[in-house]
Amino acid sequence: MKNALQNKRSKPVAVWLMVGVFMIVVQIILGGITRLTDSGLSITEWKPLLGTFPPTNEAQWNEAFNGYKQIAQFKHLHSYFTLDDFKNIFFWEWLHRNWGRLIGIVFAVPFIIFLAQKRFTKDMVIPMIILFLLGGLQGLIGWLMVQSGLNDDNLYVSHIRLSIHFIAAVGLLVYTWWFALRLMVNKEERMINLPLKNLLGWIIALLVVQLVYGAFMAGLKAALIAPTWPDINGSYLPNVISYQGRQHSFLSSLVNNPIAVHFVHRNLAYLLTLLIFIWSIKAARQKNSSLFNTIKWIPLLLVLAQVGLGIATVLTSIKKVPQRWGVFEWNAQAHQVVAILLLLSLISVFFLYTKQHSAAPKAAGLSY
């Protein structure tokens, strides 16, 4: 009876968290569109409150456009832009920032209502506070990323800061998803299989590294550097130390050399596919959870789709046309979305593994 009452009390909280998960996924998609349309540097000021409203008259639009004209991206890449061109890229950055503000509201207002209704147990309060802190931190990281491109030298934002911004968003998403799973999944659905859990843990860790390299690929425009497959500009093992006359140390090249980043990203994809295939074959023998049986093949299907989209993205990168949304952009955006879905599917399966059945999981703790 107590558990039934607890489930009834926490169900709205679980729905609220799932809405948050959806909104964060949309925010990541908007971030991808912002990057693919070169919109991220169109707003050169950070106004957490006043920035909610776009320019409303010609004078304000010209003021915003003049700010954009001061940076290298306009001077060396978009000097042909008219005010209408600027308005197009401004829209995506403005929407991206305001969707983030909306997420904050969607988290804050129900939190206050649920707090008043006493739907939270004591051990749920701290994770909730952490959620708010992660959300606020994400906004700050985003602005620090934008700042790296607001100068006379850089055409784009720092790929390092871009990766930090992306991984912070992914961390917020996973944290919220895990929190929701704790409230939605019955403990009877959880299983014991330490070897498979450990293998899955390594796969998830490797996928996080792969997501970082995906952000490096995006920030360095590395798909355009080597639009070939299965080779990289005619060679499987390219020269990863030198690029365009610049010499890098081996470790530096793994972060800053587009060819090296491209090589690592591709081969991590092959390794992840192999490991997920091995895990799936082993997991096929496990049938003691109906939920697990339903979702255990999803990671393999998604990783195969992800590899296919990655190849398509590379091969169609040569078709990229400035300020046009075409086949390359569709492939690149789908590639990012499937990567997020792959991570969530792996987290979901990992959640179903437990150390023991006898102890019921806490309703809101985020670690077991």
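We did not get these values from a lab; they are worked out from the coordinates using the rules stated. Every value quoted in this text rests on a predicted model; they were computed, and no experiment measured them. All Cβ positions, even for glycine, are placed from backbone atoms using ideal geometry, and neighbour counts span all protein chains on display.
Can you find, among W330, F250, N233, the residue sitting farthest towards the positive end of the charge dipole of the range 229-333, where Lys and Arg contribute +1 and Asp and Glu -1 at Cβ? Of W330, F250, N233, it is W330. Between Q70 and W330, the simple spin-label model (points 7 angstrom out along Cα→Cβ) gives 4.0 nm. The overall shape of the range 1-187 is prolate: from the C-alpha gyration tensor, with semi-axes ordered a ≥ b ≥ c, the ratio a/c is 1.5 or greater and a/b exceeds b/c.
Placing unit charges on the Cβ atoms of the charged side chains and taking the dipole of the chain about its Cα centre, the candidate lying farthest along the positive direction among Y353, L309, Y213 is Y353. FRET efficiency for the T121 to F350 pair, using the beta carbon distance and R₀ = 30 Å, is estimated at 0.80. Gain on full extension, evaluated as 0.36 nm per residue between I295 and L102 minus their Cα-Cα distance, stands at 66.4 nm.
Could you calculate the FRET efficiency of L251 with L137 from 1/(1 + (r/R0)^6), where r is the beta carbon distance between them and R0 is 35 Å, rounded to 0.05?
Details: r = 28 Å, r/R0 = 0.79.
The calculated FRET efficiency here is 0.80.
A dipole drawn for the range 1-187 from +1 and -1 charges on Cβ atoms has a positive end, and of F74, F86, T56 the residue lying farthest that way is T56. Candidate membrane-span-like segments in the chain, meaning DSSP H helices with Cα atoms spread over at least 20 Å of their own axis and a Kyte-Doolittle mean of 1.0 or above, are 122-147, 159-184, 194-220, 258-283, 298-316, 327-352, with no membrane implied. A Cβ-based charge dipole, computed about the Cα centre of the chain with Lys and Arg at +1 and Asp and Glu at -1, lands at about 1660 debye.
Give the calculated FRET efficiency between W202 and I130 to the nearest 0.05, with a Förster radius of 30 Å applied to their Cβ-Cβ distance.
Working: r = 25 Å, r/R0 = 0.85.
Efficiency computed from Cβ-Cβ geometry: 0.75.
Based on the mean of other beta carbon atoms within 10 Å per residue, what is the order of 281-292, 228-239, 307-318, most packed first?
On the way: 281-292: 13.8, 228-239: 12.2, 307-318: 18.5.
By packing density, highest mean first, the sequence is 307-318, 281-292, 228-239.
Proximity of backbone amide H atoms, modeled 1.01 Å from N, is registered between Y353 and M191 at under 5 Å, excluding neighbours fewer than 5 places apart on the same chain.
Going by the alpha-carbon gyration tensor, a ≥ b ≥ c the square roots of its eigenvalues, is the chain rounded (a/c under 1.5) or, if a/c is not under 1.5, prolate (a/b greater than b/c) versus oblate?
Numbers: a/c = 2.47, a/b = 1.28, b/c = 1.93.
Taking the square roots of the gyration eigenvalues as a ≥ b ≥ c, the chain is oblate.
For the cross-link pairs K221/K282; K187/K296; K87/K221; K122/K287; K47/K69; K47/K320, the ones whose C-alpha atoms lie over 29 Å apart are K221/K282; K122/K287; K47/K320. The separation of the range 145-200 from the range 56-122, counted between C-alpha centres, amounts to 22 Å.
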